[in-house]
Amino acid sequence: MTFAEQLTTYFQTVAEECILGLSLDCVIFGFHDTRLKVLLLRWKDTNEWCLPGGFIYKEESVDTAAERVLRERTGLDQIYLQQFHLFGEAVRYDWQDTWQRQQIPFSFGSRWPKRTISAGYYALVDYTKVTSTTDFMSDECNWWDVSELPSMLYDHRNIVDVALKTIRLQLNWQPIGLNLMPEKFTIPELQRLYEAVLGRTLDARNFHKKITGLNILKRLDERRTGGAHKSPYLYQFDEENYQKALINGSLIFI
């Protein structure tokens, strides 16, 4: 089946089985090599990138649809997922220009809503556990540094910006670090995560004092080896204490 035929089948299915005019877009955050990353798809036969997303089937909830999209793109279940904003501007993008850039036949235009409202979700994943997967409409599914994003379709750059502002605001009362860090890490590595999210440098002594004083970490009898400097101890989150700190509002330290 050619790409055009696949597109035709897809749009026919969406028109029959999905809620037209309502979609969702997922900002999937990961942390790797001291950098905060976001997972993007490159539209087939173009240099245009977009967020994973799609339409909601009539028989599924919006949350279920978001979980489905995330599972298809990352191969993961039980991802930390949060709806963060409804994108409902009267004109979100020039749909004719966008469809030309995506090489979508305009024959669909007469039957397609001129306005689509999108529910924005952000997901926090362990970068090392993700198996990024394309769909028939894309050639690549890759991680991008949030500070070096490529040209993006629709209003997806704005969606990423709003998601990033949201996790910065929620850093002290949502399990951001718990979901982005690997199982074992050093204090400096955890500091790099907070710096990547906040977009600024933190004082190392201050950070160490505050993070260890929250009683949400367990020091292991292991050290990180292979570095140029002394081998620091490895830590894990104490998930029970972490959740208590979130509920009690005692996680605020930045």
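The values are calculated or read from the model by the stated rules, or taken from the named source; none is laboratory data. Here the structure is a predicted model, which is why all the values come from computation and not from measurement. Please note: Cβ atoms are built from the backbone with ideal geometry, for glycine as well, and neighbour counts cover all protein chains shown. Only protein heavy atoms, including side chains, enter the accessible area calculation; ligands, DNA and RNA are left aside. Shrake-Rupley method; radii C 1.70, N 1.55, O 1.52, S 1.80 Å.
Worth pointing out:
- Angle of helix 62-74 to the longest C-alpha principal axis of the chain, folded into 0 to 90 degrees and rounded to 10: 80°.
- Hull volume per residue, based on the alpha-carbon atoms of the stretch 1-64 and their convex hull, is 127 Å³.
- For the pair Arg219 and Thr201, label points projected 7 Å from Cα toward Cβ lie 2.6 nm apart.
- Spin-label model, Asn172 to Ala4: label points 7 Å out along the Cα-to-beta-carbon direction sit 5.8 nm apart.
- Nonpolar atom fraction for the chain, defined as the carbon and sulfur part of the 1.4 Å probe accessible area, stands at 46 percent.
- Computed over neighbours whose Cβ is under 14 Å from that of Ser61, the net charge equals -2, Lys and Arg +1, Asp and Glu -1.
- Mean ellipticity per residue at 222 nm, deg cm²/dmol - from DSSP H runs of n ≥ 4 across the chain, formula -39500 (n - 2.57): -10500 deg cm²/dmol
- Net charge of neighbours whose Cβ lies under 14 Å from the Cβ of Ala90, counting Lys and Arg as +1 and Asp and Glu as -1: 0
- Reciprocal mean inverse distance between Cα atoms of the stretch 146-251 - Kirkwood radius, Å: 15.4 Å
- Neighbour cut-off at most 13 other Cβ (10 Å), DSSP loop, trypsin sites (Lys or Arg not before Pro), the stretch 1-66: Lys58
- D_trans [Stokes-Einstein, Kirkwood Rh over alpha-carbon pairs] for the chain, 20 °C, 1.002 mPa s, µm² s⁻¹: 108 µm²/s
- Gln82-Asp161 pseudo-label distance in nm [points 7 Å out on the Cα-to-Cβ vector]: 2.1 nm
- Surface per residue (accessible, 1.4 Å probe) for the chain, Å²: 52 Å²
- Net charge contributed by nearby residues that have their C-beta within less than 15 Å of Leu40 (K/R +1, D/E -1): -4
- Under 24 Å between alpha carbons - lysine pairs in the chain that sit 8 or more apart or on different chains: 21
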